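Working notes, beginning with the structure itself.
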Amino acid sequence: MEPNAALEMQLARYREMTCEERVQIALRLHELACEMARLGIRRQHPNASAKEVEKLLRERLELARAL
């Protein structure tokens with residue numbers, strides 16, 4: 001399948017969804033992105049506690065909002 005055709009199919013599916021379904025997808029994607037960031041933080045700071053990882057994650061999110 002061509003990329004443009006796949007994109008059109010995906011957009012059509014999103015249009016069929018309820019607002020709640022689209023929000024659920026967005027929230028799951030956000031959680032996935034946060035977990036990926038946590039993994040990166042743990043890799044950079046292997047001795048960091050869970051609390052420190054969350055603090056670093058919040059700092060990254062705040063920096064992203066500021067940009």
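A few points about this structure:
- Leading residue by the ranking (farthest from residue 37 (Cα to Cα)) among those in segment 56-67 that are open to solvent by 100 Å² or more (accessible area, probe 1.4 Å) and among the charged types (D, E, K, R): 65
- Some residue of segment 12-25 being outside any helix (DSSP H, G or I) and more than 13 Å from the chain's Cα centre (by Cα): yes
- The set of residues in segment 39-53 that are touching a helix residue (DSSP H, G or I) at 6+ places or on another chain (Cβ under 8 Å) and either open to solvent by 60 Å² or more (accessible area, probe 1.4 Å) or part of a helix (DSSP H, G or I) (or both) comprises 41, 42, 45, 53.
- Pairs, first closer than 19 Å to residue 31 by Cβ in segment 43-67, second surrounded by 10 or more Cβ atoms within 10 Å (Cβ to Cβ) and basic (Lys, Arg), C-beta under 7 Å, six or more apart: 53/38; 53/42; 57/38
- Of all residues making up segment 26-46, the number that are of a type in the set (A, V, I, L, M) and either in contact with a strand residue (DSSP E or B) (Cβ under 6 Å, 6 or more places away or on another chain) or under 19 Å from residue 14 (Cβ atoms) (or both): 5
The values are calculated or read from the model by the stated rules, or taken from the named source; none is laboratory data. None of these values were measured; they are calculated from a predicted model. FYI the Cβ positions are ideal-geometry reconstructions off the backbone, even for glycines, and counts take in every protein chain you see. These accessible areas exclude ligands, DNA and RNA; they are computed on the full protein's heavy atoms, side chains included. Shrake-Rupley method; radii C 1.70, N 1.55, O 1.52, S 1.80 Å.
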